Amino acid sequence: MDTVVSGIRPTGFLHLGNYFGALRNFIKMQNENNCYFFIADYHSLTTHPTPGDLRTNVKNVLIDYVAAGLDPEKATIYVQSDVPQVCELSLLLSMNVYVGELQRVASFKEKVRRQPNNVNAGLLNYPVLMAADILLHRADKVPVGKDQEQHLEMTRDFAQRFNHIYQNEYFKLPVAYNFGNDLIKIPGLDGSTKMSKSDNEGSCVYLSDAPEVVRKKIMKAVSDSGPTEPGQPKSQAVENLFSLMKAVSAPDTLQYFEDQYQACQIRYGDMKKQLAADMIAFIQPIYERILELRSKDDYISKIAREGAEKARESAAKTIKDVREIIGFKAL
Ligand code: TRP
């Protein structure tokens, strides 16, 4: 059985894009692998959240994931800072990581460009901590999006360097697990090609949105003035409505509106009404579990506590081995 590790940054509520991106695949993977899914709260400190925000974000992300189907009986779900062994591994790895190579990382350069007044050492060290997250459980596979592939490559470099220096094969070289065709791209309601909270709050449908909120958002989604001749290509905004429908509606519903479009008879109001109904049907069970879990503090704490215990067990073993390999011995 393969060991799978992935981290989730606690940036707020989960939206449909997150669901059809990583989450749906995590849910599938948990059945066949030894999975560790953690909330990367150490990483989130690079943006300096207040203590209150940090706590609520971590809790909300945990609730959303469990409500959507991550199962604490199948996967080890934990909060990164509950397993501080990762800091030790990060420190140990960092001794063989060069400042120059960290400065050349694409995500770091992007941060330097976007937030020149907060280029903290945590940002520079981000790939090392991420490598430690992964190597801590000696992962085989790491399900991540395209934007994280460079980090994965570095993880392999660091692992290989360690193995080389100490002349062993202790760390496996984890591979990026890409969902490829399984990934349904969820566009925004504002005509943008990707549902993204950082671009526009209003373009997102959250798993925790109440049905009437979902309906309002969909009815307000951007469309266009309609096709005037058969075969006319769809505008991006209308293409988006079809993509969303493809994700949550039945194939014959999608086909019906496709035919209407091709015949220049489409009424976007009708299409949105149908899309809203199907979207609500899709989200509602998750939404209801979210509400339920929000009132079950004890259950949420128990998930975090038990996940942390299991993760610490796996971490302690790795740290013990690594300390021995490096040469730390009791005097
Ligand atoms: N960097 C990842 C992201 O931004 C989050 C993350 C942190 C992660 N540690 C990880 C992902 C380890 C996979 C494995 O999405």
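The values are calculated or read from the model by the stated rules, or taken from the named source; none is laboratory data. Computed from a prediction, not measured in an experiment: that's the story for all the values here. Using ideal geometry, Cβ is built from the backbone for each residue, glycine included, and neighbour counts are taken over all protein chains shown. Remember, those area values only see protein heavy atoms, side chains included, never the ligands or the DNA or RNA. Shrake-Rupley method; radii C 1.70, N 1.55, O 1.52, S 1.80 Å.
Hey, does segment 302-318 have a residue that's free of Cβ contacts under 8 Å to residues at least 24 places away in the same chain, of a type in the set (Asp, Glu), in a helix (DSSP H, G or I) and open to solvent by 90 Å² or more (accessible area, probe 1.4 Å)?
Scanning segment 302-318 turns up at least one residue that is free of Cβ contacts under 8 Å to residues at least 24 places away in the same chain, of a type in the set (Asp, Glu), in a helix (DSSP H, G or I) and open to solvent by 90 Å² or more (accessible area, probe 1.4 Å).
Taking the stated definitions as given, is GLY202 away from the ligand (no atom under 11 Å from the Cβ), farther than 20 Å from THR11 by Cβ, among the small types (Gly, Ala, Ser) and surrounded by fewer than 15 Cβ atoms within 10 Å (Cβ to Cβ)?
no
Go through segment 228-262 and give me each residue that's at pLDDT below 95 and of a type in the set (Gly, Ala, Ser).
GLY231
Give the residue that is least open to solvent (accessible area, probe 1.4 Å), with candidates limited to residues of segment 205-237 that are among the polar types (S, T, N, Q) and in a loop (DSSP other than H, G, I, E, B).
SER208
Restricting attention to segment 136-151, which residues are in contact with a Pro (Cβ under 7 Å, 6 or more places away or on another chain), open to solvent by less than 20 Å² (accessible area, probe 1.4 Å) and not β-branched (Val, Ile, Thr)?
Once the filter is applied, which keeps residues that are in contact with a Pro (Cβ under 7 Å, 6 or more places away or on another chain), open to solvent by less than 20 Å² (accessible area, probe 1.4 Å) and not β-branched (Val, Ile, Thr), segment 136-151 yields ALA139, HIS151.
Which ones in segment 143-177 are within 13 Å of the ligand (Cβ to nearest atom), touching an Asp or Glu at 6+ places or on another chain (Cβ under 8 Å) and in a loop (DSSP other than H, G, I, E, B)?
Within segment 143-177, just PRO174 meets the criteria.
Restricting attention to segment 101-135, which residues are more than 15 Å from the ligand (Cβ to nearest atom) and not small (Gly, Ala, Ser)?
Step one: of segment 101-135, the residues more than 15 Å from the ligand (Cβ to nearest atom) are 101, 103-104, 109, 112-113, 115-121.
Answer for segment 101-135, where residues must be more than 15 Å from the ligand (Cβ to nearest atom) and not small (Gly, Ala, Ser): GLU101, GLN103, ARG104, LYS109, VAL112, ARG113, GLN115, PRO116, ASN117, ASN118, VAL119, ASN120.
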